[in-house]
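The values are calculated or read from the model by the stated rules, or taken from the named source; none is laboratory data. All values reported here derive from a predicted model rather than from experimental measurement. Using ideal geometry, Cβ is built from the backbone for each residue, glycine included, and neighbour counts are taken over all protein chains shown.
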Amino acid sequence: MKIWFYEKDNQNTDLLGIWENAPVIPRIGEKVEIVNTTRTVADIKYVKKGGNFKIEVIITA
């Protein structure tokens, strides 16, 4: 299972990184450290396309 981390602002959504074989899914409101910066999880989306499944985590700075 892959977790895709995105940072979203008013105009853009930027991909920050992809975590493969993730043991846990971060919860909304939880703090995560990405690119040496602590950020807060704002939203989680579960995306299934055909046989593929991924999780998109939207974070704020």
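Here's the yes/no breakdown for (1) under 11 Å from the mean Cα position of the chain (by Cα); (2) on the phi > 0 side of the Ramachandran plot; (3) modelled with pLDDT of 90 or more; (4) not hydroxyl-bearing (Ser, Thr, Tyr):
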| position | (1), (2), (3), (4) |
| --- | --- |
| Phe5 | yes, no, yes, yes |
| Asp9 | no, no, no, yes |
| Asn21 | no, yes, no, yes |
| Val35 | no, yes, no, yes |
| Ile44 | yes, no, yes, yes |
| Gly51 | no, no, no, yes |
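Within the range 16-45, being within 11 Å of Trp4 (Cα to Cα) and hydrophobic (A, V, I, L, M, F, W, C) holds for Leu16, Ile18, Trp19, Ala22, Ile25, Ile44. Of the strands (runs of 3 or more DSSP E) lying entirely inside the range 1-50, those containing at least 1 residues that are surrounded by fewer than 13 Cβ atoms within 10 Å (Cβ to Cβ) span 13-20, 31-34, 37-49.
Being under 11 Å from Trp4 (Cβ atoms) and in contact (Cβ under 8 Å) with a residue 24 or more places away in the chain, is that true of even one residue in the range 46-54? Yes - at least one qualifying residue is present in the range 46-54. Of the residues Val57, Val41, Val35, only one is in contact (Cβ under 8 Å) with a residue 12 or more places away in the chain, β-branched (Val, Ile, Thr) and in contact with a Leu (Cβ under 7 Å, 6 or more places away or on another chain); which? Selected residue: Val35, the only one of Val57, Val41, Val35 that is in contact (Cβ under 8 Å) with a residue 12 or more places away in the chain, β-branched (Val, Ile, Thr) and in contact with a Leu (Cβ under 7 Å, 6 or more places away or on another chain).
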